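Report on one structure; see the data block that follows.
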Amino acid sequence: MSRNSKTSQCFLHSLPTETICSILKAVLDDIVKNDMHRVLAGGLPFPYTMALVCRHWRDIVSSTHELWTRIFCVLPQEKLQWMSSQMEKTGSYPVHLTIINKDDTTHEIYPILRLVTPHLQRLRSLR
């Protein structure tokens, strides 16, 4: 039995945006609770990875500020433009910042702290 392209589309496209958003938030919460290093799938933060799935998910992820509020910064290779972009995408939501310092050097932390300083009132946690 052959299927045409309309019947073979993923059922996720038929779910309401709010449902997909709730699923993504639950997945992110589960990952953060169980293994925060998995948030960085393939070196990309969770929201960026989910935005690569398809255009529909990219639109949802881009417009859902809550998905961007868990910021994981892995030193020494972290790119500050990613972090700056992610900070902007959080909107006015509280932010959780985790700095993973593989080299135990402190000089690379200062630019991150300068970037976060204007948002201190929204900083919910810093690890």
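Hey, among the residues in region 78-110 that are in a helix (DSSP H, G or I) and over 24 Å from HIS65 (Cβ atoms), which one's modelled with the lowest pLDDT?
Step one: of region 78-110, the residues in a helix (DSSP H, G or I) are 80-89, 109-110.
From what is left, the residues that are over 24 Å from HIS65 (Cβ atoms) are 109-110.
Values: ILE109: 79, TYR110: 82.
So, considering only residues that are in a helix (DSSP H, G or I) and over 24 Å from HIS65 (Cβ atoms), the one modelled with the lowest pLDDT is ILE109.
Please indicate, with yes or no, whether at least one residue in region 92-110 is loosely packed, with under 15 Cβ neighbours inside 10 Å and touching a residue at least 40 places away in the same chain (Cβ under 8 Å).
There is at least one residue in region 92-110 that is loosely packed, with under 15 Cβ neighbours inside 10 Å and touching a residue at least 40 places away in the same chain (Cβ under 8 Å).
Test each condition in (1) closer than 18 Å to THR17 by Cβ; (2) of a type in the set (S, T, N, Q); (3) not in a helix (DSSP H, G or I) for SER62 and report the one that comes out false.
Of everything listed in (1) closer than 18 Å to THR17 by Cβ; (2) of a type in the set (S, T, N, Q); (3) not in a helix (DSSP H, G or I), SER62 misses just condition (3).
Would you point out the residue of region 56-77, among those that are of a type in the set (Phe, Trp, Tyr) and either loosely packed, with under 13 Cβ neighbours inside 10 Å or closer than 15 Å to SER125 by Cα (or both), that is nearest to the chain's Cα centre (by Cα)? Give the steps one after another, and end with the answer.
Here is the first cut: in region 56-77, the residues of a type in the set (Phe, Trp, Tyr) are 57, 68, 72.
If we keep only those that are either loosely packed, with under 13 Cβ neighbours inside 10 Å or closer than 15 Å to SER125 by Cα (or both) too, we end up with 68, 72.
On the way: TRP68: 4, PHE72: 8 Å.
Per the criteria, the residue is TRP68.
Of all residues in region 13-55, which are at pLDDT below 65, open to solvent by less than 50 Å² (accessible area, probe 1.4 Å) and part of a helix (DSSP H, G or I)?
MET36, VAL39
Quick one: count up the residues across region 45-92 that are more than 30 Å from SER14 (Cα to Cα) and among the charged types (D, E, K, R).
2
The values are calculated or read from the model by the stated rules, or taken from the named source; none is laboratory data. All values derive from a computational prediction rather than experimental measurement. When we count neighbours, we look across all protein chains shown, and the Cβ atoms used for this are built from the backbone with ideal geometry, even at glycine. Surface areas here come from the heavy atoms of the whole protein model, side chains and all, with no ligands, DNA or RNA. Shrake-Rupley method; radii C 1.70, N 1.55, O 1.52, S 1.80 Å.
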